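The values are calculated or read from the model by the stated rules, or taken from the named source; none is laboratory data. If you're wondering where the values come from, they're calculated on a predicted model, not measured in any experiment. Quick reminder, even Gly has a Cβ in these numbers, built from the backbone with ideal geometry, and neighbours come from all protein chains shown.
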Amino acid sequence: MQAIREFIRPKGKSVRIPIPSEFRNVTIEILLFPATEQKSTTYDFSDFTGKLDWRGDAVKEQRKLRNEW
């Protein structure tokens, strides 16, 4: 089943909806409901932050891990 989703902001009491040719001569259902504003999702990573107390050569350890592959 194919669906078409379109967001419009009506300025009056009527709205013109263009119907694609593949939907002509078939029964279609039209739903109208107000769209909510899409808020950007932000994540709070404060629970995962911290400081690692590293004693050693980080580059040497990274190369060692890569060589394991």
How many of the residues making up the range 8-51 are modelled with pLDDT under 85 and of a type in the set (Phe, Trp, Tyr)? 3
In the range 16-33, anything part of a loop (DSSP other than H, G, I, E, B) and more than 14 Å from Glu6 (Cβ to Cβ) is listed as Arg24, Asn25, Val26, Thr27, Glu29
